[in-house]
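Undergrad: Structure provided below as structure tokens; questions to follow.
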Amino acid sequence: MSALPSPVFPGEESPGDVSTIEPPLFALRELSVRYGAVQALAGVNLRVMPGERVALVGANGSGKSTLLRALHGLVRPSAGQLRRDGAPRVAMVFQRPFVLRTSALNNVALGLWLRRVRWQEACAQAAVALHRVGLQDIARQNARTLSGGQQQRLAFARAWALRPDVLLLDEPTASLDPHAKREIESLMADFAASHGSAGPDQPVTMLFSSHNLGQVKRLASRVLYLEHGRVLADLPVHDFFNGPLPEAARLFVKGEMA
Ligand SMILES: Nc1ncnc2c1ncn2[C@@H]1O[C@H](COP(=O)(O)OP(=O)(O)O)[C@@H](O)[C@H]1O
Ligand SMILES: [Mg+2]
């Protein structure tokens, strides 16, 4: 019997094509994180490509915040690998912004100054960032006197000023009223449509955790469902909401929609 040519599968073309395949921004292999006896993440495999908008969903304690912190380098893996390609600039926005008792402008400028931007230049860039989130008129106001929604916009200005390639958001609208929630969602959409430090052909990559499935539908391109530190579903947003899901994820979605 004569030898058949070996089959070529999609995605496994000749090695010559490899250079045209974009490297992932983050590549996680069997990543685990422990806090003492608590296994917060267990064997997570994940590749995030530039420009993706990834939503993390799952019950409290499922590991969403830990995954975001690991991507930011705030917690160390206890096992597995986390590779970041091309040293992306990463900024993070938390559920509750930390706000210093000084002007809104200083709050943003300090973030830049800590990254060695000269103070005068930092203030100029901070003013631009405050304008971008619609806080230009209260730039001189003590940030502690701002409303919850305004403080979260301030946190966005601080993130924006850093010109990040990757924006990590941990339940950014969870403690806001519906009006402020909509404002923040529109800033998230703006951010996702902007570009990173490398220029116009490098879209910003966004990962956010959320309990709001409407928000996930509106903003995400891809959804990860976590349970007990494991990723049980990883799907394009349309498939997550319309296709068949693993049983655990299906029950979660049903419960949240109810
Ligand atoms: N600093 C910490 N010390 C100890 N346990 C923690 C800490 N942070 C989170 N955990 C635990 O790790 C698990 C995952 O938490 P977390 O990542 O915050 O989940 P989520 O954001 O989905 O609510 C939970 O069991 C939580 O109690
Ligand atoms: Mg959390």
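Undergrad: Go through region 39-78 and give me each residue that's surrounded by fewer than 16 Cβ atoms within 10 Å (Cβ to Cβ), part of a loop (DSSP other than H, G, I, E, B) and among the charged types (D, E, K, R).
TA: 76
Undergrad: Also, I was wondering about something else. Would you please name the residue that is nearest to residue 46 (Cα to Cα), looking only at residues in region 227-246 that are within 16 Å of ligand 2 (Cβ to nearest atom) and in contact with a Leu (Cβ under 6 Å, 6 or more places away or on another chain)?
TA: The extreme case among them is 231.
Undergrad: Something else now. Could you tell me how many of the residues in region 185-215 are more than 16 Å from ligand 1 (Cβ to nearest atom) and hydroxyl-bearing (Ser, Thr, Tyr)?
TA: Selection size over region 185-215: 4.
Undergrad: Give region 229-250 a look and list any residue that's over 21 Å from the mean Cα position of the chain (by Cα) and either surrounded by 12 or more Cβ atoms within 10 Å (Cβ to Cβ) or in contact (Cβ under 8 Å) with a residue 60 or more places away in the chain (or both), or say none.
TA: If the condition is that a residue be over 21 Å from the mean Cα position of the chain (by Cα) and either surrounded by 12 or more Cβ atoms within 10 Å (Cβ to Cβ) or in contact (Cβ under 8 Å) with a residue 60 or more places away in the chain (or both), then 245, 246, 248, 250 are the ones that fit.
Undergrad: Assess whether residue 214 counts as being in a loop (DSSP other than H, G, I, E, B) and either at pLDDT 95 or above or of a type outside the set (Lys, Arg) (or both).
TA: No: the conditions fail for residue 214.
Undergrad: Oh, and also: Report, by residue number, each residue of region 145-184 that is within 16 Å of ligand 1 (Cβ to nearest atom) and crowded, with 19+ Cβ neighbours inside 10 Å.
TA: 168, 169, 170, 171, 172, 173
Undergrad: For region 97-133, what are the residues that are exposed (fewer than 15 other Cβ atoms within 10 Å of the Cβ) and assigned to a loop (DSSP other than H, G, I, E, B)?
TA: 98, 100, 101, 102, 114, 115, 116, 118, listed by residue number.
The values are calculated or read from the model by the stated rules, or taken from the named source; none is laboratory data. Model, not experiment: these values are computed from the prediction. Counting neighbours? That spans all protein chains shown, and the Cβs are built from the backbone with ideal geometry, glycine included.
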